[in-house]
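Enquirer: Here's a structure for you.
The values are calculated or read from the model by the stated rules, or taken from the named source; none is laboratory data. As the structure is a prediction and not an experimental result, all values here were calculated from the model. Cβ placement follows ideal geometry from the backbone for every residue including glycine, while neighbour counts extend to all protein chains displayed. Ligands, DNA and RNA are excluded from the accessible area calculation, which covers all protein heavy atoms including side chains. Shrake-Rupley method; radii C 1.70, N 1.55, O 1.52, S 1.80 Å.
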Amino acid sequence: QKIVDHLKKQRWTHAYNLNVTVANGVVDLWGVIDSEAERKALHVAAENVSGVAKVNDHLLSRPLGWQ
């Protein structure tokens, strides 16, 4: 919950249906993103939460024209 709360406070995130799971310090990020820059930013933001040892990225890029 700490990670989700942290990410929701960020103005730059536009991730759709963002889902975060955590087990033993390993974070899995799921959802749809607008850009590779957003992917990198989400990864870094999750890494910077206390207790996170690793981040697995399962994020999908939003298809062009999808709204």
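Enquirer: Which residues' amide hydrogens lie under 5 Å from the amide hydrogen of residue 60, considering only partners 5 or more residues apart or on another chain, with H built in the peptide plane?
Expert: Here 31, 32, 33 satisfy the definition.
Enquirer: Between [x] 14.2, 45; [y] 10.6, 30; [z] 11.4, 38, which entry matches Rg and Dmax of the Cα atoms in Å as derived from the coordinates of this structure?
Expert: Calculated Rg and Dmax of the Cα atoms in Å: the matching label is [z].
Enquirer: Something else about it: Can you work out the accessible area per residue across the chain, with the rest of the protein chains kept in place, probe 1.4 Å, in square angstrom?
Expert: Spelled out: the 1.4 Å probe surface of the chain, per residue, equals 69 Å².
Enquirer: In degrees between 0 and 90, to the nearest 10, how far off the longest principal axis of the chain does helix 36-47 point, with axes built from Cα atoms?
Expert: The helix 36-47 is inclined about 20 degrees to the chain.
Enquirer: Another question, then. Give me the percent of accessible area attributable to carbon and sulfur for region 6-57, probe 1.4 angstrom.
Expert: 50 percent
Enquirer: Then there's this: Apply the a/c threshold of 1.5 to the C-alpha gyration tensor of region 14-53 and tell me whether it is rounded, prolate or oblate.
Expert: oblate
Enquirer: Moving on. Return the calculated 222 nm mean residue ellipticity for the chain, to the nearest 500 deg cm²/dmol, obtained by summing -39500 (n - 2.57) across DSSP H runs with n ≥ 4 and dividing by the residue count.
Expert: -8000 deg cm²/dmol
Enquirer: Within 14 Å, Cβ to Cβ, of residue 26, how many net charges do the neighbouring residues add up to if Lys/Arg are +1 and Asp/Glu are -1?
Expert: -2
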